[in-house]
Amino acid sequence: MTKIAFVGLGNMGGPMAGNLVKAGHEVRGFDLSEASIRLAAEGGVTPASSLAEAVSDAECVITMLPKGQHVVAVWTDLTTLVAEDTLLIDCSTVDVESARQAHKLASVMNCISLDAPVSGGTTGASAGTLTFMVGGSDKAFALGQPILAAMGRKIVHCGGNGAGQAAKICNNLILGISMIGVCEAFGLAEKLGLSHQAMFDVASTSSGQCWSLTTYCPVPGPVPTSPANNDYRPGFAAALMLKDLQLSQEAARQTGAATPLGQHATDLYAEFERAGHAGEDFSSIIHMLREKAGR
Ligand code: NAD
């Protein structure tokens, strides 16, 4: 049993903290939203009314926050709040630079740190089947692995500080592009008079097979659990997809990598967000593509 402070109890963090409780850890949770704290408390998380209260006595602090700026701000606050040798793990998806900054803050505190972003969405967070992509030293990974194992099925040590975020950004570059590809294929299939089910049955067992098709299928019907069957409620919000694509483009510019389809996907999700769909599941972009066909 480890004393864990969990900061950021949103769509992902809430159920992740609940799985740590189920695994027998003592978890104190803090979030700026009281509603999120209440929900996490239903899953057995002990509510804290401040960051300081959440982390006092903690042997491990986990953050699951929206963006790099939030992570750096919280980890800066931690510098005066946690004891030396505390294990700090950030599971948010952030830019590699912010991740490295967070690691630096941890080393100033003589703490051990990991960047450990996840894949698997809210379903994976609830089921405890997330994939963790982890960056940090061998020592930090050995300490963090058993804790992450309570929230995920696959835990990959990708390399040193920031390597987890690098892997996450590359993975989500594929995700953004593949969702648009799947939506385009369904749009074309509709024009050609092919049923959604026929299109799915073929592509899901052929070379077009991918996660965007088989798990988050953008049309209702073929995959009953996909957000398309739930009014396109997230799931994975279009705003988060855009954030990750923008991170990929920022990284591509910094490193000189060529990602022309990534840039195009970023532009399409930015247009989708401007049209007021930031809060919808990212598969809902199929509607915007259909509208383009109607022009
Ligand atoms: P969310 O908005 O539901 O949760 C974030 C939580 O952080 C909110 O409850 C917010 O109140 C809280 N918060 C913000 N600043 C805070 C602070 N200073 N102190 C305490 N709490 C604070 O977002 P989410 O969907 O849970 O995503 C969290 C992270 O996980 C993001 O980086 C996202 O990109 C990543 N992610 C999300 C998914 C997904 O499917 N939703 C999948 C993989 C990764």
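Please list, or write none, the lysines whose alpha carbon is within less than 27 Å of the alpha carbon of Lys104, excluding same-chain residues fewer than 8 places away.
Lys3, Lys67, Lys139, Lys154, Lys168, Lys243
Within 10 Å, count the other beta carbons around each residue, average over each peptide in 135-141, 76-82, 236-242, and list them highest first. Don't skip to the end; give the middle numbers.
Numbers: 135-141: 19.4, 76-82: 16.7, 236-242: 22.0.
The densest-packed peptide leads the list: 236-242, 135-141, 76-82.
Provide the net charge surrounding Val7, with neighbours chosen by a C-beta distance below 12 Å and charges set as Lys +1, Arg +1, Asp -1, Glu -1. Intermediate results must be reported in sequence, preceding the final value.
Working: positive: Arg28; negative: Asp31, Glu53, Asp77, Asp90.
It works out to a net charge of -3.
For the chain, what's the relative contact order in percent, using C-alpha pairs closer than 8 Å and at least 6 residues apart?
Details: 548 pairs, mean separation 37.0, N = 295.
Here the relative contact order equals 13 percent.
Where does each of 243-249, 220-226 land if you order them by average Cβ count within 10 Å, highest first? Please report the intermediate quantities before stating the final value.
Working: 243-249: 22.3, 220-226: 16.0.
The packing order, highest mean first, is 243-249, 220-226.
Mean-square fluctuation check for the chain, GNM, Cα pairs under 10 Å: which of Ala35, Ala251, Ala83 is largest?
It is Ala35.
Give me the percent relative contact order of the range 1-64, please, defined on Cα pairs under 8 angstrom at least 6 residues apart.
Normalised by residue count, the contact order of the range 1-64 is 45 percent.
No value in this document is a laboratory result; all are computed from the given coordinates. Since we're looking at a predicted model, the values are computed, not measured. Glycine gets a Cβ as well: all are built from the backbone with ideal geometry, and neighbour counts include every protein chain shown.
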